[in-house]
Amino acid sequence: MSKIGEQEIIIEEGVTVEKEGAVLTVTGALGEITVKIPDNIDVIIKDAVINVSAKDSTKQARSNHGTYRMLISNAIQGVKEGYTKTLELVGVGYRARMEGDTLVMSLGWNHPVEVKPFEGIRIEVPEETKVVVKGYDKQKVGLFAAKIREIRKPEPYKGKGIRYEGEYVRRKSSKSNLASE
């Protein structure tokens, strides 16, 4: 049995959870998220507490048990508080700015890179070298932050590129250093 799947989910104040067939709808101040529940998972809502259980002991049901418990928990937290990912632009001349709802970045190329956010995603640029991605859906926030990072991944020789806040980039020594030894 999944240890995570066995934990109860407490529905926080200001969040409503409705189950209709195999679809669970979580609504809160920030938005609405729907989670489609597979046939081998049973969700019981009782007195502001959600219990998730596997209907049988097949490998797929055991795998889905903890996964769907966390998806529901993340949806509740997302519509209540939201999620953020912070990206850092490291490199000479690497800058970001907002033009309307579009993120415009200068990343060392001869043209600026423009990125439009997904639906339900907000972008903030508190500094020229920081981009904050906010939203109520954890999957969309992570996917959009990864999409921005993919534009210019951090490279291992000088460390230039777009990285997550606090991400460690393992540096390599250049070949010119090896030749001088």
- Honestly the range 60-181 on the Cα gyration tensor test (a ≥ b ≥ c root eigenvalues; a/c under 1.5 rounded, otherwise a/b vs b/c for prolate or oblate) is just oblate
- Query: Any idea what angle helix 138-151 forms with the longest principal axis of the chain, computed on alpha-carbon atoms, 0 to 90 degrees, nearest 10?
  - Reply: 20
- Would you work out which of Val133, Pro156, Leu143 lies farthest towards the positive end of the dipole of the range 83-164, given +1 charges on the beta-carbon of Lys and Arg and -1 on that of Asp and Glu, about the Cα centre? Pro156
- Taking alpha-carbon centroids only, the range 95-174 lies from the range 1-75 a number of Å equal to 32
- Task: Let me know the charge dipole size of the chain about its Cα centre in debye, to the nearest 20, where only the beta-carbon of Lys, Arg (+1) and Asp, Glu (-1) is charged.
- Result: 1040
- Out of Gly100, Gln60, Val113 - ranked by how far each Cα lies towards the positive end of the dipole of the chain, with unit charges on the beta-carbon of charged residues - the top one is Val113
- Counted charge near Gly28, where neighbours are those whose Cβ lies closer than 11 Å (Asp, Glu -1; Lys, Arg +1): -3
- GNM top mover of Lys80, Lys138, Lys46 - the chain, alpha-carbon springs below 10 Å: Lys46
- Message: Which of Gln77, Gln60, Gln139 ends up with the largest GNM mean-square fluctuation for the chain, with Cα atoms connected below 10 Å?
- Response: Gln60
- Message: How tilted is helix 59-80 with respect to the longest principal axis of the chain? Cα atoms for both, answer in degrees (0 to 90, nearest 10).
- Response: 70
- Item | Burial order of peptide ranges 124-130, 168-174 (average beta-carbon count within 10 Å, highest first) | 124-130, 168-174
- Note down the relative contact order for the range 75-181 as a percent, whole number, built from C-alpha pairs under 8 angstrom at least six residues apart. 29
- In the structure shown, do any of Lys55/Lys147; Lys19/Lys80; Lys46/Lys80 have a Cα-Cα gap over 28 Å, and if so which? Lys55/Lys147
- Tell me, in nm to one decimal, what length is gained between Ile45 and Glu124 on full extension, where the rule is 0.36 nm per residue of separation less the Cα-Cα distance? 24.8 nm
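Just so you know, all these numbers are worked out from the coordinates, no wet-lab data involved. Quick caveat, the model's predicted, so the values are computed rather than measured. As a convention, Cβ positions derive from the backbone with ideal geometry for all residues, glycine included, and neighbour counts pool all protein chains shown.
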